[in-house]
Amino acid sequence: MKAPGHEPDERQLVEAAQRDPRHFAALYERHFDRVYAFIARRVRDRDVAQDLTSDVFHQALAGLPRFEWRGIPLSAWLLRIAANAVADRWKRAARERQNPVSEEGQATQEAREGQIPHEPAAAELAEVERRAELFQLVESLPADQRRVIELRFAGEQSIREVAHALQRSEGAIKQLQFRALQNLRARIGEGNG
């Protein structure tokens, strides 16, 4: 791990890229591996994972001027874009399976011959949709609870690291996390009821 000061702070990189898109390359280099791994674990096809990763960074670059720094790692925003990209691809694939484009049955024949890359089962589609819904629910949390959840789970930071980043005690972070999780459980329960 590099010592602080050897590498520009992420907020500085984001602001530089917002001023001049040529600076986005530093953010791309910093986050590529994590975004690619996130997608690759979900689609299990290298070519598709590469395409989706490219799409994620293209969307991020296009959306960067509207990105508002809230002290949350940029990776949380990128992973939300990635989860949505994976969900969109799976939904599109499911629609295509229901309404196959028939050029003399070619799509169906290719599917039978295994020429179409791994397509998710219904359970995987449901999981992606659940995650997308969870991202939306996290967005609706009060700001302090949302920041804790994003840092803890998307940023994979410890309670101590989150406490330091937010300049709060570890006890306060534990309490915010507890409240946030209670809030999320209640909102998920409302959606299922």
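Could you check segment 67-98 and list, in sequence order, the residues that are in contact with a His (Cβ under 6 Å, 6 or more places away or on another chain) and either surrounded by fewer than 17 Cβ atoms within 10 Å (Cβ to Cβ) or not polar (S, T, N, Q) (or both)? If you could, list the steps in order and put the result at the bottom.
To start, the set of residues in segment 67-98 that are in contact with a His (Cβ under 6 Å, 6 or more places away or on another chain) comprises 75, 78.
L78 - this is the single residue of segment 67-98 that is in contact with a His (Cβ under 6 Å, 6 or more places away or on another chain) and either surrounded by fewer than 17 Cβ atoms within 10 Å (Cβ to Cβ) or not polar (S, T, N, Q) (or both).
Within segment 48-60, residues that are surrounded by fewer than 19 Cβ atoms within 10 Å (Cβ to Cβ) reach partners that are polar (S, T, N, Q) with beta carbons closer than 9 Å, at six or more positions or on different chains, in the pairs Q59/N84.
In this structure, is E113 at pLDDT below 70 and open to solvent by 80 Å² or more (accessible area, probe 1.4 Å)? Judged against the criteria, E113 is a match. Which residues, taken from segment 156-170, are under 21 Å from R34 (Cα atoms) and either among the aromatic types (F, W, Y) or exposed (fewer than 14 other Cβ atoms within 10 Å of the Cβ) (or both)? E156, S158 - these are the residues of segment 156-170 that are under 21 Å from R34 (Cα atoms) and either among the aromatic types (F, W, Y) or exposed (fewer than 14 other Cβ atoms within 10 Å of the Cβ) (or both).
For segment 171-193, a residue qualifies if it is open to solvent by 40 Å² or more (accessible area, probe 1.4 Å) and either among the aliphatic types (A, V, I, L, M) or within 13 Å of G71 (Cβ to Cβ) (or both), and the qualifying residues are L181, A186, I188. In segment 168-184, the residues that are of a type in the set (K, R) reach residues that are modelled with pLDDT of 85 or more with C-beta atoms within less than 7 angstrom, at least six apart or across chains, in these pairs: K174/I159; R179/Q145. When restricted to residues that are closer than 21 Å to A85 by Cβ and either without any contact (Cβ under 8 Å) to a residue 12 or more places away in the chain or open to solvent by 60 Å² or more (accessible area, probe 1.4 Å) (or both), segment 141-150 contains 0.
The values are calculated or read from the model by the stated rules, or taken from the named source; none is laboratory data. Keep in mind it's a predicted model, so treat the numbers as computed, not measured. When we count neighbours, we look across all protein chains shown, and the Cβ atoms used for this are built from the backbone with ideal geometry, even at glycine. Protein only, heavy atoms only, side chains kept; ligands, DNA and RNA dropped before computing areas. Shrake-Rupley method; radii C 1.70, N 1.55, O 1.52, S 1.80 Å.
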